[in-house]
């Protein structure tokens, strides 16, 4: 099977999974995201910014984000990549679907 066909099938699977979990994700968002600043933070999680860059963008201190982001990840709202100061977070809605 060609790489192109494999990627196509993975894309289809990802879209189906997202469609199945969309309502759950929206419910989780409404439970975990409580303020306008948190909403801005959530929508800024594109997998490209570290916590310092997120602070500059949202005005939320790194110290305030430190417990929030791992909790969101634990609950399945976001993903993280890397470790330490280079750790990046990704809002699941930013996955290319």
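The values are calculated or read from the model by the stated rules, or taken from the named source; none is laboratory data. Owing to the predicted nature of the structure, the values given are computational and were not obtained by experimental measurement. Every residue, glycine as well, gets a Cβ built from its backbone with ideal geometry; the counts of neighbours run over all protein chains shown.
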*Residues of the range 81-97 being in a helix (DSSP H, G or I), free of Cβ contacts under 8 Å to residues at least 60 places away in the same chain and in contact with a helix residue (DSSP H, G or I) (Cβ under 8 Å, 6 or more places away or on another chain), which ones?*
85
*What are the residue pairs meeting all of these: first residue in the range 21-47, first residue at positive phi and in contact (Cβ under 8 Å) with a residue 40 or more places away in the chain, second residue surrounded by 15 or more Cβ atoms within 10 Å (Cβ to Cβ) and not in a helix (DSSP H, G or I), Cβ atoms under 8 Å, and 6 or more apart or on different chains?*
47/79; 47/88; 47/89; 47/90
*Kindly provide the set of residues from the range 72-83 that are out of contact with any strand residue (DSSP E or B) (no Cβ under 9 Å at 6 or more places or on another chain) and either at positive phi or modelled with pLDDT of 95 or more (or both), ordered by number.*
76
_Could you check the range 18-37 and list, in sequence order, the residues that are touching a helix residue (DSSP H, G or I) at 6+ places or on another chain (Cβ under 7 Å) and over 16 Å from residue 76 (Cα atoms)?_
37
*Mind checking which residues of the range 35-80 are farther than 18 Å from residue 93 by Cβ and in a loop (DSSP other than H, G, I, E, B)?*
35, 50, 59, 60, 61
*Name the residues in the range 65-80 that are in contact with a helix residue (DSSP H, G or I) (Cβ under 9 Å, 6 or more places away or on another chain) and without any contact (Cβ under 8 Å) to a residue 12 or more places away in the chain, would you?*
80
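Residue under question is residue 89, and the condition is that it be surrounded by 15 or more Cβ atoms within 10 Å (Cβ to Cβ), modelled with pLDDT of 90 or more and under 18 Å from residue 23 (Cα atoms); does it hold?
Working: surrounded by 15 or more Cβ atoms within 10 Å (Cβ to Cβ): yes; modelled with pLDDT of 90 or more: yes; under 18 Å from residue 23 (Cα atoms): no.
No; evaluated as a whole, the condition is false for this residue.
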